[in-house]
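Sharing a structure, written as structure tokens. Questions coming.
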Amino acid sequence: MSRYRNPRLRVIRRLGKLPGLTRKVSIKTSPPGQHGMLYTKKPSLFNVRLKEKQKLRYHYCVSERQLLNYVKKSRKKKGSSGKLLLTFLEMRLDNLVYRLGFAPTIMAAKQLVNHGHITINNMAINIPSYGCEPKDVISVKNSIVSKNLVRKNLDFLGTVLIPQHLFLNKENLEAKVISLVNRKSISLIINELLVIEYYSRKL
């Protein structure tokens, strides 16, 4: 999902709050569509799993292929596949740029990275999916345009709750990855095990 171009409020009406996709909140609570208000049928287990998968995709703004690759990668490692999946997604550069408040959404963070406004360990990185590691230093490019853009975003967002695995020097627009993300620090309300179950028959 390089860029989602369809109405985002329709997505959050169907899937719930997705801060990575949009900060907007729909005043309508029913599912989108002509018969949204009439839809009361209990969803099947498949649909429940599908919904959780879609929530993950849209929040982190990744394509179906990318998400499938992360699932495969998490299943090959020791430990909880669900937690590993979330860790891979949370440690993406675009997500960390978003969590630091450098951008209002993950989609906006992708644009910052794509346009070369972000560096890792003083090296220009323009790959949003870049996987960050503990001790990595995430900085805003030393240019007036880059710094003004990020400061504008920080001012717009106001007070941002920085997760425990990150340390932000707001004055210098520089952050350090202290550790891998803790499950409790993940802002998205998600049942990651249902996502693993959704893909279990496809692998």
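What follows is calculated from the coordinates using simple rules that are stated; it is not laboratory data. Computed from a predicted structure; not experimentally measured. Here Cβ is always computed from backbone atoms with ideal geometry, including for glycine, and neighbour counts include all displayed protein chains.
Report the relative contact order of the stretch 92-179, percent, no decimals, based on alpha-carbon pairs under 8 angstrom and at least 6 residues apart.
So the answer I get is 30 percent.
What is the stretch 92-179 by shape, rounded, prolate or oblate, if you read a ≥ b ≥ c off the alpha carbon gyration tensor as root eigenvalues and call it rounded for a/c under 1.5, prolate for a/b larger than b/c, and oblate otherwise? Working shown, then result.
Numbers: a/c = 1.30, a/b = 1.07, b/c = 1.21.
Here the stretch 92-179 falls in the rounded category.
Show that you can apply the helix-only estimate: for the chain, add -39,500 (n - 2.57) for every DSSP H stretch of four or more residues, divide by all residues, and state [θ] at 222 nm to the nearest 500.
Helix-only estimate at 222 nm: -12500 deg cm²/dmol.
Using mean Cβ contacts within 10 Å as the protection proxy, how do 110-116, 64-70 order, highest first?
The packing order, highest mean first, is 110-116, 64-70.
Could I ask something else about it? Per residue of the stretch 106-112, what does 6.51 cos²θ - 1.76 cosθ + 1.60 with θ = phi - 60° give for ³J(HN,Hα)? Whole Hz please, x for Gly and Pro, Karplus curve as stated.
Result, ordered by residue: 5, 4, 5, 5, 4, 5, 4 Hz.
Using alpha carbon centroids, what distance separates the stretch 148-203 and the stretch 47-117, in Å?
Result: 10 Å between the Cα centres.
List the aspartates and glutamates whose Cα lies under 14 Å from the Cα of Lys152, skipping any in the same chain that are fewer than 8 positions away.
Excluding near neighbours in sequence, the set is Glu171.
How would you order 155-167, 95-107 from highest to lowest mean count of nearby Cβ atoms within 10 Å?
95-107, 155-167
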